[in-house]
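Student: Right, I'll just put the structure down here and ask away after.
What follows draws every value from the coordinates through simple rules; no lab data is involved. Predicted model only: the values in this text are computed from it and were never measured. Virtual Cβ from ideal backbone geometry, glycine too; neighbours counted across all protein chains shown.
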């Protein structure tokens, strides 16, 4: 399959009415779930409407599914509530529980994105201890923690410049982390004991940083489209890492050779407004869903390459 850019005119809005749909997860049976600030998650009905489930509070952010079909919710609650835990929802009953609310006695402030591996371990990014303005001014206190099936919690990486979306490669040999303030993706080798090794930059720097353009504000559309702050990421079946650049209204791909390819660009935000995450579903895994924190819908478009199936989709 050819990695060809997607025509913006092929994008359509789905799930209209959802609130702050930062992420989407597609179940093995094809059910599409969106994070929703008014509840916990919202299910996309076949008629195009939505059905809200649960009550998470705060700001449900990145979502994913575990091996039992429960929905993991990274709650970025800090700015509003002062607490941002990792939660778990039973979509059948709406029952919500806190999977991890504190580490070493300190309440989590801003969980961002969870991912599950084939062993049932949950990996989750925590962007910052706050406040947000310090995080974007170089505080670099983002970290990654892992929860094992026995319930034990381990901090496995720290010192990240706003840890955002994360992804595992197909063989689960590396963990990839979107470093928002650093405008790049960091790749961590996963050791046999589940610890993470020394990271390296995966692919190129993705564009201008927030600090590099301060003297040019207010930014033109041309300059805005060159901002490189990444939000979410995900692999397709050919090993390309798709990355959302939320300030640039753009989705790019880092190929296995480290090349950067623009797949979608909407400088004016006509439909792709502050894209945050990419998720694949459908029978052929070519239905691509793109989340947002400012839209009341998610974007759906056909992907030229199917997504890499996540553990709950295999």
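Student: Just to confirm my numbers, what's the Cα centroid distance between the stretch 132-197 and the stretch 10-75 in Å?
Tutor: 23
Student: Give me 174, 210, 126 ranked fewest to most by other Cβ atoms within 10 Å of their Cβ, as a rough exposure proxy.
Tutor: 210, 174, 126
Student: Kindly state, to the nearest 0.05, the FRET efficiency for residue 217 paired with residue 97, given R0 = 45 Å and r defined as their beta-carbon distance.
Tutor: Approximately 0.55, to the nearest 0.05.
Student: Peptides 238-245, 286-293, 137-144, 298-305: what's the order by average Cβ count within 10 Å, highest mean first?
Tutor: Descending mean neighbour count gives 286-293, 238-245, 298-305, 137-144.
Student: Evaluate the distance, in nm, between pseudo-label points positioned 7 Å from the Cα of residue 107 and of residue 173 along their respective Cα→Cβ axes.
Tutor: Output for this residue pair reads 4.3 nm.
Student: A further question follows. For a quick check: sort 125, 295 by the number of other beta carbons within 10 angstrom, fewest at the front.
Tutor: 295, 125
Student: Now a separate question. Divide, for the stretch 239-314, the radius of gyration over alpha carbons by 2.2 N^0.38 Å, where N is the residue count.
Tutor: 1.09
Student: Enumerate the residues in the stretch 1-23 having an amide nitrogen under 13 Å from the point lying 7 Å beyond the Cα of residue 257 toward its Cβ.
Tutor: Only 3 fall inside the zone, counting backbone N under 13 Å.
Student: For the chain, go through all pairs of different Cα atoms, get the mean of 1/r, take its inverse, and jot down that Kirkwood value in Å.
Tutor: 19.1
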